[in-house]
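Read the structure below first, then the notes.
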Amino acid sequence: MEQDEPSAAVAVVDFSNLCPAPRSDADVYDGLHAIDRVVRQAVKQHWPRVTDLHLRLYGGWLFRNGRATPQWEWALPHLADFHTRRDGLRVEPELAHSSAWRPDTRILGTFRPAREADPGEPARAMQKMVDGLIVADSLRYSLEGKPTVLVSDDDDVLPGLLAATARPTRSMIWLRKRAPGQSCNDQWLTSHSNIEICHAPGWPTW
């Protein structure tokens, strides 16, 4: 651990990847609780001097017309329950609907209604632009010198993490359900000292 380690860190969380099909506010609450637990544990383990954590939660929050999705409506009232200081770490949660690069720009259409599926396949709704936001914001925070945790089990974030290895940044953690080595491209990250792949043991499956 570096002696000049900042006291604040940020976690960039792909909520829709980790809790892909919540059916009620209870499902969303359980997802938030699990994320809060594993992220707190990772931050305290890797950066014990950090006292404040900005927890940005990304997902399919808005339709193209700007209307909030049910997932947003379920999650928003629960955020206050996680805005707490525990074990020396204060967490400030936020539903991310804009980029850290342009916080004044509310990005619409991160949730798209179900389209006609292939024959024999069920129709399903989908999120859009979320992986791009997560990667871009992770790079922003890391380049600013903030300890950064990227929380997702989706390999779509890999190109952005590879970009982060191209220049010196503050240490980043890729926190996911799979253990290191379980993705076919993990080898390209494990040789770099500024990014660590971390497995959260006991991560629930929703």
Could you say which residue among Pro113, Pro103 is out of contact with any Leu (no Cβ under 9 Å at 6 or more places or on another chain), open to solvent by 40 Å² or more (accessible area, probe 1.4 Å) and modelled with pLDDT of 90 or more? Pro103
Per the filter on the stretch 14-29, residues in contact (Cβ under 8 Å) with a residue 12 or more places away in the chain, surrounded by fewer than 16 Cβ atoms within 10 Å (Cβ to Cβ) and either in contact with a Leu (Cβ under 7 Å, 6 or more places away or on another chain) or within 16 Å of Leu79 (Cβ to Cβ) (or both) are Asp27
When you go through (1) farther than 15 Å from Ile134 by Cβ; (2) surrounded by 22 or more Cβ atoms within 10 Å (Cβ to Cβ); (3) in contact with an Asp or Glu (Cβ under 7 Å, 6 or more places away or on another chain) one by one for Pro93, which number turns out not to apply? (3)
For the stretch 135-158, name all the residues that are open to solvent by 30 Å² or more (accessible area, probe 1.4 Å), within 22 Å of Ser98 (Cβ to Cβ) and either part of a helix (DSSP H, G or I) or modelled with pLDDT of 90 or more (or both). Ala136, Leu139, Arg140, Leu143, Asp154, Asp156
How many residues does the stretch 42-78 hold that are among the aliphatic types (A, V, I, L, M) and without any contact (Cβ under 8 Å) to a residue 40 or more places away in the chain? 2
Among helices (runs of 4 or more DSSP H) entirely within the stretch 1-93, at least 2 residues that are acidic (Asp, Glu) occur in 25-46
Go through the stretch 160-190 and count every residue that is modelled with pLDDT of 80 or more, open to solvent by 30 Å² or more (accessible area, probe 1.4 Å) and closer than 23 Å to Glu144 by Cα. 4
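The values are calculated or read from the model by the stated rules, or taken from the named source; none is laboratory data. Since we're looking at a predicted model, the values are computed, not measured. Neighbour counts are summed over all protein chains in view; Cβ atoms, including those assigned to glycine, are modelled from backbone coordinates with ideal geometry. Remember, those area values only see protein heavy atoms, side chains included, never the ligands or the DNA or RNA. Shrake-Rupley method; radii C 1.70, N 1.55, O 1.52, S 1.80 Å.
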